[in-house]
1. Looking at the stretch 496-504, can you tell me whether even one residue there is loosely packed, with under 15 Cβ neighbours inside 10 Å, modelled with pLDDT of 95 or more and farther than 30 Å from Lys345 by Cβ?
2. Which condition does Ser482 not pass, out of (1) at pLDDT 95 or above; (2) open to solvent by less than 20 Å² (accessible area, probe 1.4 Å); (3) under 30 Å from Gln333 (Cα atoms), if it passes all the others?
3. Considering (1) open to solvent by 60 Å² or more (accessible area, probe 1.4 Å); (2) in contact (Cβ under 8 Å) with a residue 40 or more places away in the chain; (3) not in a loop (DSSP other than H, G, I, E, B), say which one Glu312 fails and leave the rest.
4. Filter the stretch 18-70 for residues that are among the β-branched types (Val, Ile, Thr) and at pLDDT 50 or above; which is most open to solvent (accessible area, probe 1.4 Å)?
5. Please specify each residue of the stretch 270-294 satisfying the condition of being in contact with a helix residue (DSSP H, G or I) (Cβ under 7 Å, 6 or more places away or on another chain) and either under 27 Å from Lys341 (Cα atoms) or of a type in the set (D, E, K, R) (or both).
6. Identify, by number, the condition in (1) open to solvent by less than 30 Å² (accessible area, probe 1.4 Å); (2) farther than 28 Å from Tyr477 by Cβ; (3) not basic (Lys, Arg) that Asn295 doesn't meet.
7. Name the residues in the stretch 431-441 that are open to solvent by 20 Å² or more (accessible area, probe 1.4 Å) and either more than 15 Å from Asp481 (Cβ to Cβ) or among the β-branched types (Val, Ile, Thr) (or both), would you?
8. Return the pairs, sorted by first residue and then second, in which the second residue is of a type in the set (Phe, Trp, Tyr) and not in a loop (DSSP other than H, G, I, E, B), the first residue lies in the stretch 241-262 and is touching a residue at least 60 places away in the same chain (Cβ under 8 Å) and within 12 Å of Ile193 (Cβ to Cβ), the beta carbons are less than 6 Å apart, and the residues are 6+ apart or on different chains.
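The values are calculated or read from the model by the stated rules, or taken from the named source; none is laboratory data. Remember, it's a predicted structure, so these values are computed and weren't measured experimentally. Heads up, the Cβs are rebuilt from the backbone with ideal geometry, glycines too, and the neighbour counts pull from every protein chain shown. We work out accessible area using only protein heavy atoms, side chains counted, and drop any ligands, DNA or RNA first. Shrake-Rupley method; radii C 1.70, N 1.55, O 1.52, S 1.80 Å.
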Amino acid sequence: MSRWQRKKRVFTVSLLFCYLMGCHKAHNVENDPMMKESKKSPLYEELGLQKYEKVINVSLVRETTPSLRELESQFTNDTLMDNRWTKLLEEALGIRVEYKWVEEDVVYHKKLANSLMSGDLADITRVNRQQLRDLERANLIQDLTEVYDLYATELTKQVMEQEIEDPFKLATIDESMMGIPILGSAVDTAQYIWIRTDWLELLQLDPPKTMEDVLEISEAFTLSDEIENLHSDRRFGLAISKYLWDPVMSLTGFMAGYQAYPTIWIEDETGLLTYGGIQPEVKDGLLVLQEMYMNGQIDEEFFLKDGGKIKEQIINGEVGMLFGEQWTPFLVQESRKIDTKANWKAFPLVSNHGELPFVPIRNESDQFWVVREGFEHPEVLVKMINLFLEKNWGESADYERYYSTPYPIWQLAPIAQAPPLKNYQAFLEIEEARGQESLNQLEGEARAIQRKIEDYLKEGDPDGWGWYLAYGDEGAYSILDSYQANDQLFHNQMNQAPTDLMLEYSPLLYNLQLTAYKNIIMGEPIESFDEFVEDWKRMGGDKMMRELNEK
């Protein structure tokens, strides 16, 4: 596909969201004479926020984790089972939440799979794409099309429409909406180059403007004797994890520098969908990575190390550069506890061809809320989503009580949904306030973030360092803003629900690709890439592409 053809299909945010605090009308309770006359009147005007006259009991299942238990410990009166969110749902909507079971993350998914296979469902359950399809075929979940249309508030509908790729396509089977997508954020998956700037300054190196610069920085970080490290006798110019496509320590941004997009579907010159991972441009990136590996710039045991292991290397000062998403500074900031001079900064992706690269972003909506067949009040799910959005981003929002205290109390909510563009929107609000010198007038999430930045800049609070690197005037979101302005964001071109063949073949083909790429990086002849492509096509890839393009 030519560059101009790709550019025509670049994902553009183009302010398709409106200002969340003012784009819908919520009911003004304080000035409502009906509220003064009768306590039985609805708290909100819209149908999707009205309280049931009789309490509705709804069951869910829940996964708990060490981090969630740690969160619980920060509160005196809030637990996973009984907290300000469960109380609000009952007080405002008349919905009483009951957990059918709660399990640790290590056994949760196995127990969930067993429950789904036996048909022993909670009233509302979170599932993945395959589970959604299996439950629909077994007639175990309800069609939510009419329920959503009737009960979703204006705010909820606007939030669900923020992504350029319609998330409901992924939940729709035979024109029936079988689940409510749990939104991620495509723009938040954009990649950046994160570099230790204290090492750049020590070696008198400039930030990268081309992929050649990236390679020079990697080599210098690996080989220079000027970088003193008291905690390790080795250094790696570039960190990558064994999964290759993790949100951080990823090869996604590196490959984009060679016009390769190994994790998304793209359109070929004839307009047909093809898989980016089998395109010839990938070979260019793999050859460069192979050379870096042979020269010691990449850990010789990267294929054994997950993010946790690499985080230890970052803390110990063994890593000077990686590619990652906007939240990367919260991972690397612990390196500053060991070395107070350690400093990191985000830089935009660069290319090997002298032009701005496209920045691939992926759809994050791969989980869904479904409602058990036979549950008499399927609209409960939509009403719970409505309330979560209203209390965090609506006109009656109480952000510091229901979202961040500053502890993320929102994680205790039984049902959560967030605007995909909320982080980018918070940056834009902060940036505008910086320009108008009105930072003290910020509200909600933007206000909370700016407080953390100021705590770092004025008081040296280390907890604000990551927020500054993400939301500061030269942070990751300022680069995202330039990506957007320059039409660089490139979305996965497959904007439909995965087909049956995709669900069947994708796990096998993913592992085939992962193994082939790793082997080439570690020294296997580049000709083996062509063998991988043939195997990929033969083992189901051709069938997938044919099925996709016949739709």
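1. No - not one qualifying residue is present in the stretch 496-504.
2. (2)
3. Just one mismatch for Glu312, condition (2).
4. Out of the qualifying residues, it is Val55.
5. Hits for the stretch 270-294 are Lys283, Met292.
6. The single condition Asn295 does not satisfy is (1).
7. Gln436, Glu437, Leu439, Asn440, Gln441
8. Ser250/Phe323; Gly253/Phe323; Phe254/Phe323
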